[in-house]
1. Of the residues A123, A114, A78, which is under 21 Å from the mean Cα position of the chain (by Cα), part of a helix (DSSP H, G or I) and modelled with pLDDT under 90?
2. Any residue in segment 406-431 that is part of a helix (DSSP H, G or I) sitting within a Cβ distance under 7 Å of a residue that is acidic (D, E) and open to solvent by 10 Å² or more (accessible area, probe 1.4 Å)? List the pairs, counting only those 6 or more apart or interchain.
3. For a quick check of your reading: which helices (runs of 4 or more DSSP H) sit entirely within segment 297-378 and have at least 3 residues that are over 24 Å from the mean Cα position of the chain (by Cα)?
4. Is it the case that some residue within segment 143-166 is in a loop (DSSP other than H, G, I, E, B) and either aromatic (F, W, Y) or open to solvent by 20 Å² or more (accessible area, probe 1.4 Å) (or both)?
5. Look through segment 266-301, keep the residues that are open to solvent by 20 Å² or more (accessible area, probe 1.4 Å) and touching a Ser or Thr at 6+ places or on another chain (Cβ under 7 Å), and return whichever of them is nearest to Q55 (Cα to Cα).
6. Do we find a residue being open to solvent by 10 Å² or more (accessible area, probe 1.4 Å), of a type in the set (D, E, K, R), part of a helix (DSSP H, G or I) and modelled with pLDDT under 75 anywhere in segment 1-23?
7. Criterion first (of a type outside the set (D, E), farther than 18 Å from E411 by Cβ, open to solvent by less than 40 Å² (accessible area, probe 1.4 Å) and without any contact (Cβ under 8 Å) to a residue 60 or more places away in the chain) does G210 satisfy it?
Amino acid sequence: MTAIDGSSPRAENPAGLRHGAVTAVVCLALAAVVAAMSSLNVALPDIARSTHASQTQLEWVIDAYSLVFAALLLPAGAIGDRYGRRRALIIGLAIFGVGSLLAMFVGGANELIALRAVIGMGASLVMPATLSTITSTFPPTQRTRAVSIWAGVAGGAAVLGLLCSGTLLEFWSWRSVFGLNVVLAAMALIGTFRVVPESADKNAPKLDRGGAALAVIALVALVFSIIEAPTAGWVSARTLLGIAAGIVVLALFVAYELRQPNPMLDPRIFTNRRLSAGSSSIFIQFFAFFGFIFVMLQYLQLVRGDSAIVSAVSMLPMAAGMMPSARVSPLLVARLGARAVCVAGLVLIAGGLVILAQLDAGTTYWLIVAGLLPLGIGMGMAMTPATSAITEALPASRQGVGSAMNDLSREVGGALGIAVIGSVLAGVYSSHLSIPGAPAALVDKAKESLAVATHLGAQATHAAHGAFLDGLHLALLVAAGAAVLAAVCVSLLLRRSGAEHGAQEAETVSVRVPPPSLPADSSAVRR
């Protein structure tokens, strides 16, 4: 049995690891938690009909997982670093699997939301352990390739999860999607016990509980206020005060962390321009991606009338563009530079979303393909150099910083994307829905969600389709605007020459890395 301080022969001799097997297992665990963020989207119409969930509750069914996942990511990573990444992976997969098993038997939307939060808690332990296992135990010659595979799985698993879920829904109910989670978690657990080495930092400082609490409060306040805004009103006191409270607590978090000797997240890390550029790019990519998935699958099933499997297959052009471009991206970076490739990828994402914002009830599938291909190619182009920019911006002694920031940017971006884009859709849908001559009670019922409205008669269905499309158009344009803004920010952050980058990064590292005579464990992000 290997010790959790990583002192065993197996941990000290990374070259002796079965790198292919370890990569396969951690990527399977990664695929399980990433797919869980998107796979349930294809089941939303079935969930709405079965549980009578409102549009806001449907957002919570998706975002309860993402919110808890994102909020606990840094403290969970710190626990893994201190007590063992393999141990964290095992506990996280167990929570993820048991929560998914229980979710198969619930009957109400609120119970489902609560269990999605539990599943997110398990995922928060799993994801940082996957990348940090690679960066802490693989030698540099193996690490670059493994990180590239990791990044490809992180992007492609979301689409493949949709396809698997769509297939399951052809034969069973939405509960089968959670059964898929159970199977993947069990397989990853067996693999972890067999091949994943233990690694930990025995000198890791104690968990920054104050910073963790402030981060959780800030994120929950922001996401809760945004998701509930269509119901409470965007300019209502509850919404404005909630968003303001989230921003204030976020400011307190920054001030608190600046004063800590061992902060969970040191805000000074963002003075590293490469890391800031990579984090910004990843954040917006997944803001747009998961927000898009949330609204698009409802459009395909409830407006176009496609089945679950047809809806999932309809998304494959995005994966067909994403995976090859992710593999080619390092070659493009070597030839053109990270700045050009990242910016081009973000612009392609924006272009794809603008095309998809033209959808209506009679749109041909070829217009959908015309939007999905640049969206997928852009994601693949931008994702790998952004991940590399984060992990390569810091020396080997601070690789925990890179993997934490990559995970955090991805999950917070996804959670806020679902909240913002979903709330824009819900707000426009509710305000634009009008059914002339219909009783007020029927109109109120139709406003709950499009899935509910489609069962209230032809007139209600037609009106609901129009209101939903109005919301879809604005939501996708908001996502496209965010991608354009990110392209501008990344271009500005990476505008300096390579020499200037190196000088600035050396200066940043010299401030935070301990002298050689001390243990090099003082990471700006404690994972």
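The values are calculated or read from the model by the stated rules, or taken from the named source; none is laboratory data. Note that the structure is predicted; figures quoted are calculated from it, not measured. Reconstructed Cβ throughout: ideal geometry from the backbone, glycine too, with neighbour counts over all protein chains shown. SASA here: full protein model, heavy atoms, side chains in, ligands and nucleic acids out. Shrake-Rupley method; radii C 1.70, N 1.55, O 1.52, S 1.80 Å.
1. A78
2. Cβ pairs passing all conditions: V428/D470.
3. Those helices (runs of 4 or more DSSP H) span 316-336.
4. no
5. Q301
6. yes
7. In short, yes.
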